[in-house]
Number of protein chains: 2
Amino acid sequence: MRRYLVGLLLSCPFLSAGQQATETQLVPYVKPIIGTQRMGHTFPGATVPFGMVQLSPDTDTLSYDADGHYNPDVYKYCAGYQYGDPTIVGFSHTHFSGTGHSDLGDFLLMPTVGTLRLNPGVANVPRSGFRSAYRHATEVAAANYYKVKLDDYNILAELTTTARVGFHQYTFPKTDSAHVILDLMSGIYNYEDKNVWTFVRVENDTLITGYRQTTGWARTRTLYFAMTFSKPFDGYGSRNFSGKQVYRGFWGKFNQDDNFPELAGRQLRTYFNFKTEEGEQIKIKFALSPVSTEGALKNLRTETPGWDFESVKQQGQDLWNKELGKIKIEASRADKENFYTALYHAFISPTIYMDADSRYKGLDQNIHTADGFTNYTTFSLWDTYRALHPLFNLVQPSRNSDMIRSMLAHYDQSTLHMLPIWSNSANENWCMTGYHAVSVLADAVVKDNTGFDAQKALDACVTTARNRRYDGIGLYLDKGYIPVDRNRTGVSTTLEYAYDDWAIAQMARKLNRTDIYDEFIKRSLSYRHVFDSTVGFMRARLSDGSFKPGFDALTTSGQGFIEGNAWNYSLFVPQDPAALKELIGGEQKFVRYLDTLFTMHLPDAFFAETEDITRDGIIGGYVHGNEPAHHVAYLYNWTRQSWKTQERVRMILKHQYRNSPDGLGGNDDAGQMSAWYIFSSLGFYPVAPGSPVYQLGSPSVKAATLQLENGNTLFIDVRNQGERNVYVQKVLLNGRELKQGSVTHDELMKGGKLVFHMSARHP
Amino acid sequence: MRRYLVGLLLSCPFLSAGQQATETQLVPYVKPIIGTQRMGHTFPGATVPFGMVQLSPDTDTLSYDADGHYNPDVYKYCAGYQYGDPTIVGFSHTHFSGTGHSDLGDFLLMPTVGTLRLNPGVANVPRSGFRSAYRHATEVAAANYYKVKLDDYNILAELTTTARVGFHQYTFPKTDSAHVILDLMSGIYNYEDKNVWTFVRVENDTLITGYRQTTGWARTRTLYFAMTFSKPFDGYGSRNFSGKQVYRGFWGKFNQDDNFPELAGRQLRTYFNFKTEEGEQIKIKFALSPVSTEGALKNLRTETPGWDFESVKQQGQDLWNKELGKIKIEASRADKENFYTALYHAFISPTIYMDADSRYKGLDQNIHTADGFTNYTTFSLWDTYRALHPLFNLVQPSRNSDMIRSMLAHYDQSTLHMLPIWSNSANENWCMTGYHAVSVLADAVVKDNTGFDAQKALDACVTTARNRRYDGIGLYLDKGYIPVDRNRTGVSTTLEYAYDDWAIAQMARKLNRTDIYDEFIKRSLSYRHVFDSTVGFMRARLSDGSFKPGFDALTTSGQGFIEGNAWNYSLFVPQDPAALKELIGGEQKFVRYLDTLFTMHLPDAFFAETEDITRDGIIGGYVHGNEPAHHVAYLYNWTRQSWKTQERVRMILKHQYRNSPDGLGGNDDAGQMSAWYIFSSLGFYPVAPGSPVYQLGSPSVKAATLQLENGNTLFIDVRNQGERNVYVQKVLLNGRELKQGSVTHDELMKGGKLVFHMSARHP
């Protein structure tokens, strides 16, 4: 009750400034270091919400070791940083957050002193290159601020950002040989020939421009930069590490190794030399652009006109306080750290992908202007359609609408006429399965968040879903399922298509397109075609209609699934759990299925086979570290034992998220794991995006205030909250009891009071 | 006299249309095949004047043979075509004309029938690849039109162009397996890794877009295209010939070998399949852009809205008739062919380098808009400052002014703050010596052709010439010459700098910048510092001031020269031949020097050492095939034996230019050799660009009419012209006798009558 009053008080316009100020400082609860150990794949560096620049230390990045052998550890380095590593190679300007494949790591800067080394060296040989030892004791990782002492050089490195500019502040010792290395070879998931081309122009003694063009995860990607120093360098130079040298012009009219301002090649490292006094700071502003060096320079001048590091840091932290302040919670310090770090991770991507003047590079590699919206990229949709985009519909509806406009621009630019699958920096890599952009579009339309052309959006969904050439769609349409002898993920892809088709149908119904509704609601029943009632699981089928022999419910490989086995994927009918329950055999069998999943003992072999997740990411056989089962804990709501949903949710909240470097049980997956946490800790979850209904679970917060973009405020009050009080006795929305175990988006958006009454005992 | 009347009559507005029409058809005299055999380095294909697209057959292009060995014959293929070759590999869209180094050859198309072959094969193994045998009997090479039968396929190939669009017309036999190969690997001076990246999008069943990004002669160059077929293809595909495959997206969601529309990689060949009836024509329009595929598509739609091949061909030939018609001559058929082919070659480059909407890529790799001018590239200035740009000041002053604006834009974009040396496609390769852009700028300023900011132009010249880091300038300024122990071309570069500095001084005087004049007129005397009076030649000096031992007047290598020996280069004081005469020892010794040069017998070893020129390109020891001596025949004008100038000039005109494939004695050098021909055949020559004075020689035409851009008409009437009547008795300009053996630019631009009286006997 007290906490509820606090919530009320905070919304009161007559509060004194001092009280509000205290509550608006949410940055102290953000611990970017969470997830940087093992498989979280988050990064500790600096960024503003959805920033184009995400500036962070890299501890290692190579896919291949010095001897050219594939580095099996590369997967650890999706975000460039591993908490356990002893050295920092440098600070690069772009990072994916929590992804399961990687790229980026553009433009690594490293300050050094003493003998110039242009080789990064290796972590286990001290001073074998320009990398430096560091200690966590000197490290600060905060929202939009990162600090570390580079012990090998006695240099204090500090980083902050604006949306398009990385701001470095390096405090040097007294030396005649200070260097800043700009490494254009470096990159995350780097390998020979990943760099297609790099280009550098030294415009004058403080300004450098250029670009890095890569292939790989993004097949044809170019990122431009403009970099400026706070004081002129004394000299500079470069080395081309490629065996293939570029043509250097006629008979070497210039010495092109030193102080030569027009450089290009595949494998370039450049350096800039300074003399420094003790404690002297050299600051660097490093702007990015997807368009041109001219665009980068404009971004630099627009966003960071001055040299005040503290002010830039503060502006970014103010942005974070504003964004994080959309949800204010009452909870323990640890829970607040988990919550606000989750919210922070949820607000890192998709990332802004356009210049300050709204120009960006499109999928067609032409330059476009985003007319009336912010263009975004980094769409890890197989992950994020589940809870991240629904979260945005709740607390970032304008941004979500702009993200959809970005997806529609991608569609317009796609010669395949498809919405994005996993798109990044004006490229599509078709990673993972399904066409889940349709879920994001449908969810926004169904929830009336349509700052875009909804009819056109529906057409884009339909065209995408009818592309018979794409990943088994032709087979799916002809047979009602995708045979695994034709497509190795035939079962899970069939299930995902069925769900996506249901989402299209919902959107069509909302938009009064009956023919489309009819077509896709029919397609959405396809999940039935891969259910084998003889084993009680979804199961791989062959082209001849028979189920594939050798069924194994625990194994993913060879069973027709991706990132999930039959135990988890058989529950993937989020669009109709009631029908699923019947398919599995009714109430009793369904509950038993769920109970078994959460309590089974997995053999060691399971973990040997499974990427991405550790034992920490698993409860029984329920795999929280991967996404396909993210809705599963809520499925008890379709039984008479919804208290088990409440129990499981609280268990997952408690065990799968911890406020420590190793606090994530699997990849954060571009915010999806975090979005699950946020919804669940608030007490509800979007089991089937495309539906306006949230399932109620068990909130872990004591209270929450959601400041909605429509001006309404939603108060969540959790009465009798406690570690053991995980069961919900009743829930009241504005005084009316929610007896269905669910609440709708409309109801929440109207604001008011959502009151959970908790108990230590279930019914 | 009769011919003079014809000239007068032509200028009369009361002539009937029929008479004028006959005279305006000059295209029939153009034989693009001239210079395609041996070292002319011209191409036979289609182009409009100064066109961005120069579409021509390639008979071979590789720098390395199939086994990876350097192909010593590659130099022959500067323009992609050698007359003696038995096969055509395909038709590519960009070619240098007459250059001494090469690049380009972008986007090779080849129509074939039968089994699809994606390897070009080799010339000496019939049907070893997609290349085809052809015969000159079926070949037509005309201005803006090229035709050939591809014998291996029974396909008739025809080519024409607009400024930015190549138009192909292929007449097929009846077949179910017609193919058009689009080869993105192919290029002139190709080698492994020359292709940085290539990108293709099949937009629909008739439209393809993409780009080719290369390194090499232009270090960082990207050319975009949009290509459209007159009929839809039945299917298409591609093969990536690189050992390094691109990431193909997640688990091959698509079959990317066939009918997959988004392609990228280093070494791509694509193909498009058709079925054709007997005699069916498939037409292709192929537009280029330096900016984007969007720009290429706009160029395509702007310049070639329809599919009428004949009409596009005719429009281009009309342009040629208009440009060639600026100089109408009376001469023998053979002389007309030589003259108009020379004029044609003179009007091929510099080339337009901007889209129809005036956007282009600058040296800084950003996109700029040419505000009020046409942006040009392909500046082979060491060659073209001598006579080509002076020719433009006479008959293409607006274009020359725009070329200078293009050079000033380059200067603005240059982080080295230098005018172009040898620039191409937004790149600088610093080929050859000197900073001869200053000569081009000075010549225009002195001749009052300043559609640009002349003061700024002077500043650009001064900044360029003061760059101490560039190719020995620091040494030149400190010592007055460039020591050959520091710079292997120290002598010739000193001489060229001295001339260039004189040109800057002339420009400064014209613009009343006395301080600049004083500085540079002093620098212009530096030629004296490399003259060794003990040997009577310009000679290599060492850092200690001594002349380098082992002097050899016939050798280039090791003697401090480039593309010329002491015999030729010692005469390189075009800015002050009178002073040179005295340096060499006065009238008698100077004449003897010149006489010896033109009559000496060279040892065989000379030719073994010399690139670029054959015995055909040499008269005695005078090397016409390279440029440094191009003014030399006119130096007799500074003696009392100017009749020898007349004799030599006529000899050179007769022996160095022939209307046959092997008609050029050396590289046409981007039009410089041709410009020499045009001036000399008209009877005057700009010995020192930057001076308004032309030296009179001996015209080979019988009469000429120059229609000047200022509206004036200059008639040249050569009385008593004849094969043996090479000596000029007197020359009258508008009735006034020119007794100095020279005429000024102003005088010519005022128009009127320039009458040469010829004789078979010299004074």
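Values for this structure:
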read-out	value
Drop in accessible area of at least 50 Å² in the complex versus isolated chain, residues of segment A:341-387, 1.4 Å probe	A:Asn366
Average partner coverage of A:212-219, which counts Cβ from other chains inside 10 Å	4
Between 0 and 90°, nearest 10: helix A:309-324 axis offset from chain A longest Cα axis	10 degrees
For the pair A and B, total buried accessible area rounded to nearest 100 Å², probe 1.4 Å	5300 Å²
Cross-link table A:Lys147/A:Lys313; A:Lys231/B:Lys361; B:Lys147/B:Lys285; A:Lys174/A:Lys285; A:Lys149/A:Lys283, entries beyond 20 Å C-alpha to C-alpha	A:Lys231/B:Lys361; A:Lys174/A:Lys285
Candidate lysines for bridging to A:Lys702, where Cα separation is under 23 Å - those fewer than 8 sequence places away on the same chain excluded	A:Lys31, A:Lys322, A:Lys326, A:Lys328, A:Lys336, A:Lys644, A:Lys654, A:Lys730, A:Lys739, A:Lys750, A:Lys753
Nearest-20 debye value, the protein assembly as shown charge dipole, Cβ charges on Lys, Arg, Asp, Glu	1160 debye
Rounded to 5, the percent of DSSP beta bridges in segment A:655-763 classed as antiparallel	75 percent
Separation between Cα centres of segment B:119-162 and segment B:266-315, rounded to whole Å	18 Å
Cα-derived Rg to Rh of segment A:392-462, Kirkwood definition	0.94
Carbon and sulfur %, accessible surface of segment B:310-413 computed with the full protein complex present, 1.4 Å	43 percent
Ranked packing of B:174-185, A:374-385, most packed first, by mean Cβ within 10 Å	A:374-385, B:174-185
Computed over chain B: relative contact order in percent, which uses C-alpha pairs under 8 Å that are six or more apart	12 percent
Cβ-defined net charge surrounding A:Phe547, 13 Å radius [Lys, Arg +1; Asp, Glu -1]	-1
Unit charges at the beta carbon, dipole of segment B:94-196: most positive-side option, B:Val196, B:His95, B:Val125	B:Val125
Mean residue ellipticity (222 nm) of chain A, computed from DSSP H runs ≥ 4 via -39,500 (n - 2.57), nearest 500	-8000 deg cm²/dmol
Accessible area of the protein assembly as shown divided out per residue, in Å², using a probe of 1.4 angstrom	32 Å²
Neighbourhood charge, 10 Å Cβ-Cβ cut-off, centred on A:Asp205 and excluding it, Lys, Arg +1 and Asp, Glu -1	-1
Drop in accessible area of at least 40 Å² in the complex versus isolated chain, residues of segment A:428-463, 1.4 Å probe	A:Trp430
Helix B:672-682 vs. chain B, principal-axis angle (Cα, 0 to 90°, nearest 10)	50 degrees
Dimensions in Å of chain B - Rg and Dmax from alpha carbons	26.2, 87
Segment A:235-326: translational diffusion in µm²/s, Stokes-Einstein, Kirkwood Rh over Cα pairs, 37 °C, 0.692 mPa s	192 µm²/s
Listed residues B:Trp307, B:Trp320, A:Trp567 arranged by accessible area, highest first, probe 1.4 Å	B:Trp307, A:Trp567, B:Trp320
Acute angle (nearest 10 degrees) that the helix A:437-446 long axis makes with the longest principal axis of chain A, alpha-carbon atoms	60 degrees
For chain A, with +1 on Lys and Arg beta carbons and -1 on Asp and Glu, the positive-most of A:Pro44, A:Val291, A:Ala566 along the dipole	A:Ala566
Residues B:Asn124 and A:Ser358, FRET efficiency given R0 of 45 Å [Cβ-Cβ distance, rounded to 0.05]	0.20
Heavy atoms of A:Lys479 accessible to a 1.4 Å probe, total area in Å² rounded to 10	80 Å²
A:Asn375 long-range amide H proximity, modeled H, under 5 Å	A:Tyr353
Cα-based radius of gyration of the protein assembly as shown once divided by 2.2 N^0.38 Å, which approximates compact folds	1.06
Relative contact order [Cα under 8 Å, 6+ residues apart], segment B:168-310, whole percent	36 percent
Check: chain B dipole with +1 on Lys, Arg Cβ and -1 on Asp, Glu Cβ, in debye	1440 debye
At 0.692 mPa s and 37 °C, Stokes diffusion of segment A:36-170 via Kirkwood alpha-carbon radius, µm² per second	222 µm²/s
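The values are calculated or read from the model by the stated rules, or taken from the named source; none is laboratory data. Please read these numbers as outputs of a predicted model, since none were measured by experiment. Cβ coordinates were reconstructed from backbone atoms using ideal geometry, including for glycine residues, and neighbour counts include every protein chain displayed. Heavy atoms of the whole protein, side chains included, go into the accessibility calculation; ligands, DNA and RNA do not. Shrake-Rupley method; radii C 1.70, N 1.55, O 1.52, S 1.80 Å.
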